[in-house]
Amino acid sequence: DNGDLLGDTAAGAGNTIVGNGENGVFVDGSGGRGLTVRGNSIDANDGLGIKMTAGADEGISAPVISAAVISGGGLNVTGSVPTSNTGDAWELDVYASSTCDPSGSGEGTQFLGTISGAPPLFNQFSGTVSNPTGGARVITAVAVDESFVASSPFSACFTAAAPSFVVTSAGSTGP
């Protein structure tokens, strides 16, 4: 109901949320509907990057990343959003870190971009964002439900695959 925004996807607009003794961001179900968490650098917190209590932000489940491949054109990410809100429009904010949070439910040091579009079939998503920098290959995502203007917790960590390159002749070039 609040429609509050913590961070933003515009360049330089995100916050740095690092080193908290608990969770990075905590959203309580007793009034947490309408908080959108986007574009922040959330890392090295003792708890989860984004912690939601039961009923917070419409109960949006964390996305599940099934593939992430680094290529010359960007990071290609595929996965799903396991939720009952199948008719809603989704945006997926994608992040990278150099290591996974010990919980296995990630955080995100680098905001890489947003995958957006119309309501996906069976809540599947696929798209391309900027490549991570500095050796960060652990990928996470946060689902943003545009109908409720709410966010999910971070997905579980997924390590991005580097592109493969096969020399087929002496004149071949590649990454």
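Each residue, residue 146 and residue 15, gets one label point 7 Å from its Cα in the Cβ direction; the gap between the two is 2.5 nm.
Under a 5 Å amide H cut-off, with hydrogens placed 1.01 Å from N, residue 161 pairs with 68, 69, 70 among residues at least 5 apart or on other chains.
The numbers here are math on the coordinates, done by the rules we state, and not lab data. Fair warning: this is a prediction, and the values are worked out from it, not measured in the lab. When we count neighbours, we look across all protein chains shown, and the Cβ atoms used for this are built from the backbone with ideal geometry, even at glycine.
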